[in-house]
Amino acid sequence: MVLFGYEIVFGGEVGVSDPSLPQIPLHEVAHLEGVPLRTPWLMEGRYPIRYYSQTPFVADCPPCRWALEVRGVVTLIWDASCASISYLRGERFEPSLLEYWVCHTFFPLVLALEERYHILHVGAVAVGGQAVLFLAPSFGGKSTLVGEFLRQGHALLSDDTLAVSPRSGGFDAVASYPFHRPYRKSQTLGERVANSVTTPLPITALYALELTPPKRPVTLTPLEGIEKFTVLAQSHFVAFESMRTRQFEMVGKMAQTLPLYRLGIPKEMQRLAEVYTTVRESLAGLE
Amino acid sequence: MEFDQVIAPIEGVFAQEVDGEMVLLDSQSKHYFGLDGVGRSIWDKLQTPQTLQAIYDAILEEYAVTPEVLRADLITFIQSLHAHHLIEVED
């Protein structure tokens with residue numbers, strides 16, 4: 001599977017999609033070794049997780065070897081010395097769960113900690129060769145709005161996490177994985193999407209979604225200043241303390257460079273086309 | 001707090017300007033703070049270490065505010081910046 005511009009081959013997949021992409025080996029191990037530090041159990045949504053590492057997580061120097069354990073399911077280990085992922089089965093292990101936790105959580109964490117990209121918790125689609133991002137907390141409507149854009153013929157970049165990279169004069173969006181999950185069945189990536197983006201696209205605009213009562217009009221409000229910064233800052237996928245300074249600088253640059261709107265969306269599925277039109281019209285105004 | 005004390009930003013405080021407003025990062029707590037209007041103006045003046053009296057005089061000249069209100073608000077504001085590890089106060 002291609003995710004964030006890398007290729008990871010999961011069990012059941014034959015060959016590689018694109019041999020030109022950097023490969024991340026994935027292999028099973030029988031024991032967890034080399035990561036003596038351990039956190040208490042934390043909650044990732046409804047799932048208990050904990051981290052292991054070889055050395056403490058500090059800014060600008062992530063551990064060479066660290067792991068994420070999902071209680072009872074799988075422990076995923078990153079080894080930076082050979083850029084590989086290994087895994088240890090839990091008692092409830094299934095191949096689909098391995099795929100889910102690598103794509104949805106573990107590999108985005110790797111990319112963020114390795115400082116290869118900034119990872120945002122956003123939905124994103126392609127419009128006119130550029131990336132449009134939708135910001136909202138979980139259950140805030142990102143996947144639903146992404147689904148509407150897919151129905152209208154646009155390509156998918158992200159349903160949940162997106163990699164962002166600075167470029168001259170702006171930022172590029174790098175697609176995560178080609179799956180869309182509009183109805184939240186747990187620990188699944190959703191349905192594979194054929195029309196998905198495979199190359200970085202420049203980001204043109206961001207929309208912070210706000211669900212409103214069904215009869216309200218669709219509203220669009222440009223955000224500025226501290227409010228704009230705060231909304232962007234809340235869209236980071238992970239907020240380890242060691243990353244805060246770098247994230248602060250990144251968010252500041254995004255706030256200075258990219259337009260961000262608050263998009264009021266009436267909570268009525270039949271009006272999604274109206275929301276779509278509002279976004280398209282606002283994008284046309286940016287050209 | 002005495003008005004002859006010199007106020008200066010703590011080295012390493014991260015600041016970003018967005019649409020004329022200033023966002024600061026507390027390097028210890030990793031919390032964000034936003035400054036607009038008069039707060040932003042005070043922060044700009046603090047980029048050159050100076051006494052609280054000098055800041056007071058400049059703000060009084062720049063804004064339509066009574067001396068008593070400004071004195072109280074300025075002390076509260078500076079104390080808040082200090083409490084959040086954004087400035088240091090020198091005797």
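Quick check on my link table: of A:Lys142/A:Lys253; A:Lys185/A:Lys228; A:Lys228/A:Lys253, which ones sit more than 20 Å apart, alpha carbon to alpha carbon? Please list the in-between numbers first.
Numbers: A:Lys142/A:Lys253 23 Å; A:Lys185/A:Lys228 32 Å; A:Lys228/A:Lys253 12 Å.
Violating the 20 Å limit, Cα to Cα: A:Lys142/A:Lys253; A:Lys185/A:Lys228.
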List the aspartates and glutamates whose Cα sits under 12 Å from the Cα of B:Lys30, skipping any in the same chain fewer than 8 residues away. A:Glu241
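Counting helices only, and only those DSSP H runs with n ≥ 4, report the 222 nm mean residue ellipticity of chain A as the sum of -39,500 (n - 2.57) divided by its residues, in deg cm²/dmol to the nearest 500. Intermediate values should be presented prior to the final figure.
Values: 6 runs with 62 residues, N = 287.
The per-residue figure over chain A is -6500 deg cm²/dmol.
Taking 41 Å as R0, compute the FRET efficiency from the Cβ-Cβ separation of A:Asp18 and B:Gln47 and round it to 0.05. Mind dumping the intermediate values first?
On the way: r = 50 Å, r/R0 = 1.22.
For A:Asp18 and B:Gln47, the calculated efficiency is 0.25.
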Just in the stretch A:1-77: which trypsin sites (Lys or Arg not before Pro) are loop by DSSP and have at most 16 other Cβ atoms within 10 Å? A:Arg46, A:Arg71
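Volume per residue, Å³, of the convex hull around the alpha-carbon atoms of the stretch B:6-90? Provide the component values of the computation, followed by the final result.
Values: hull volume 7.3 nm³, N = 85.
Hull volume over Cα atoms, normalised by residue count, gives 86 Å³.
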If you take the beta carbon distance between B:Ala15 and A:Glu91 as r and set R0 to 41 Å, what does 1/(1 + (r/R0)^6) give as a FRET efficiency, to the nearest 0.05? 0.25
Return a whole-number percent for the relative contact order of the stretch A:2-116, with Cα pairs under 8 Å and 6 or more residues apart as the contact set. 19
Spin-label proximity, B:Ala58 to the stretch B:12-40 - amide N less than 12 Å from point 7 Å beyond Cα toward beta carbon: B:40
In this structure, the FRET efficiency calculated for A:Cys64 and A:Leu32 from their beta-carbon separation, with R0 = 22 Å, to the nearest 0.05, is 0.90
Label A:Ala83 and A:Leu211 with points 7 Å out from Cα along Cα→Cβ: what is the distance between them in nm? 4.0
Formal net charge of residues neighbouring B:Leu60 (Cβ-Cβ distance under 15 Å; K, R +1; D, E -1): -3
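Where does the charge balance sit around A:Thr105 when Lys and Arg score +1, Asp and Glu -1, over other residues with C-beta under 12 Å from its C-beta?
Working: positive: none; negative: A:Glu44, A:Glu69, A:Glu99, A:Asp160.
So the environment of A:Thr105 carries a net charge of -4.
Within 15 Å, Cβ to Cβ, of A:Ser96, how many net charges do the neighbouring residues add up to if Lys/Arg are +1 and Asp/Glu are -1? All intermediate terms of the calculation are to be shown ahead of the outcome.
Numbers: positive: A:Arg89, A:Arg92, A:Arg181, A:Lys185, A:Arg192; negative: A:Glu13, A:Glu94, A:Glu99, A:Glu191.
Local charge sum for A:Ser96: +1.
Using only alpha-carbon positions, what ratio does the radius of gyration of the protein assembly as shown give when scaled by 2.2 N^0.38 Å?
On the way: Rg = 23.8 Å, N = 378, 2.2 N^0.38 = 21.0 Å.
Working it through for the protein assembly as shown, the quotient is 1.13.
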Among A:Leu206, A:Leu162, A:His180, pick out the residue whose Cα is farthest towards the positive end of the charge dipole of the stretch A:120-286, where Lys and Arg carry +1 and Asp and Glu carry -1 on C-beta, about the Cα centre. A:His180
Quick calc, the stretch A:2-116, dipole around Cα centre from Cβ unit charges on Lys, Arg (+) and Asp, Glu (-), nearest 20 debye, gives 420
Can you compute the charge dipole magnitude of chain B about its Cα centre, using +1 on each Lys and Arg Cβ and -1 on each Asp and Glu Cβ, nothing else charged? Give it in debye, rounded to the nearest 20. 220
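Throughout, read-outs are computed from the coordinates displayed, never taken from laboratory work. All values derive from a computational prediction rather than experimental measurement. Positions of Cβ are backbone-derived with ideal geometry, glycine not excepted, and every protein chain shown enters the neighbour counts.
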